[in-house]
Every structure is written in C-alpha cells, then in structure tokens.
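Engineer: Pasting a structure here, questions to come.
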Amino acid sequence: MSKRGLPSGVKMRHDSHYVEEFAKSANRSVGRIIPINQIEPNPEQPRVEIGDLSELANSIKQKGVLEPLLVKPNGDGTWMIIAGERRWRASNLAGLREVPCIELDIDEKSIAEIALIENLQRKDLNVWEEADGLASLSSRFGYTHEQIAKKIGKSRTTVTESFAISGLPDAIREKCRQANINAKSTLLEIARQFDEKAMHGFLDNIKSQELKNRQQIR
C-alpha cells in the first residue's frame, strides 16, 4: 500500500461550512501533499485530550486520509496544523510519510476560530475544553459573547453558560475532576453558587448523596 496520505483516484474533500469560507477570504489557499515530519501541532489547540487513535489509524491504513489537514506555513519549510491534529497523529501511527493538506495564509485570529469550530462541529471537545476554548477567543481577541455565538453557530445563552464554567476556580475544577463531575448541567449549578465556599459545600452535598445512593443499592 502506498504511504502517501491520499489514495489514488480519491480526491480531497473538506467541509464547505467553514473551510471554503476561510479559503475564499484567505490571501492564499493551496492543496498539497506534505511530509508528516514537516508538520507540527498547534500549541493553542483547544482540545487537551487526543483520545484513542487506533480506530482512526486503522481506517487511514485502509482508505488513506480522506479529509485533508488545514495548515499554515511557518516560513521555514514547516507547517503548523490549524485543524486535523488527530488525523496527523493517526497517519503517523499508520505509517504514512505524507498527508494531504490545505495550506491557508490566515492570521492568528482566524486560526483560533477554525481550530475551535472544527472541534465543536465534530463534537470532539469535552465540556471543559469547549468552555476554555470559547473564553480564550474572548480573552485573546476581545470578542463579546454575542460575537462568539455568531461565529460558532450557537446561542448567546450557550456561550454565556460556557463562560460561567470556564470561570470556576481551580480548586473547584480539581474537586470536580476527582469526583468525575463533567455534566454541563451540574457544573452550571456549581457556577451559580454564591461564592467558592458555597461551591465546595454544593460539591460535598453531591458526593454525600452519591454515597447514600450506593449504600441503598447494597
């Protein structure tokens, strides 16, 4: 089997919902095959957990990379991933030497938007990653909740809720992690508490109730 990322007879495809829009507005958009070792991940990637890549790697071994990575040239013969880090890592696991890419000449703001939007569309982000990703757009580029909502295709209420979760204190975040509390509805209830002390009390009540429920089941 060829070690090139794109199988013969198969054209690159991409989601016109956001890729074509940015490609049209970019100064330069080029489809090309790029060696894997000349591509590097985006340090501002909103996704923290890459997850298991074995299934994706097996699919790439059989069919190649059907959806190209979006990359930006670094100017030194390497490219930074805008979107598609899992495909890049899985291609490496699959033994590919090259992968299909769409090269975009866009600014830092557009890179951050695409990276977040792609993950949101794929539902690849957990509640924490989504919340912190949206908050990052605001802190880095000064976007309002309304502007972010329009860019990602979600309601303003949804964006505001994500900001509330992102604003939870580090100690509360860690307590949620230890208790495996990841449901958005529960995290919003915690965020609505009066202060951090009340948040700790709310979490303690949740843990106490869970313990009672387990004891009743026994």
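Engineer: What pairs come up if the first residue lies in the range 172-195 and is loosely packed, with under 14 Cβ neighbours inside 10 Å, the second is part of a helix (DSSP H, G or I) and not acidic (D, E), and their beta carbons are under 6 Å apart, counting only those six or more places apart or on different chains?
Structural biologist: Hits for this filter: N182/V127.
Engineer: Right, here's the next one. Which pairs turn up if I take residues in the range 65-93 that are at positive phi and look for partners that are part of a strand (DSSP E or B) with beta carbon separation below 9 Å, at least 6 apart in sequence or on another chain?
Structural biologist: G84/L69; G84/L70; G84/V71; G84/V99; G84/C101
Engineer: In addition: Contact list please: Cβ distance under 7 Å, first residue in the range 137-153 and at negative phi, second residue in a loop (DSSP other than H, G, I, E, B), pairs at least six apart or on different chains.
Structural biologist: Going by the 7 Å Cβ cut-off, the qualifying pairs are L137/Y143; A149/S155.
Matching residues to (1) closer than 26 Å to L137 by Cα; (2) in contact with a strand residue (DSSP E or B) (Cβ under 6 Å, 6 or more places away or on another chain):
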site	(1), (2)
N42	yes, yes
Q45	yes, no
I50	yes, no
N58	no, no
Q62	no, no
K72	yes, yes
M80	yes, yes
G84	yes, yes
S91	no, yes
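Engineer: So if I check each of S162, S136, which one is within 23 Å of E189 (Cα to Cα) and modelled with pLDDT under 90?
Structural biologist: Every option except S136 fails the conditions.
The values are calculated or read from the model by the stated rules, or taken from the named source; none is laboratory data. On a predicted model such as this, the values are computed, not experimentally measured, just so you know. Every residue, glycine among them, receives a Cβ derived from its backbone with ideal geometry; neighbour counts consider all protein chains shown.
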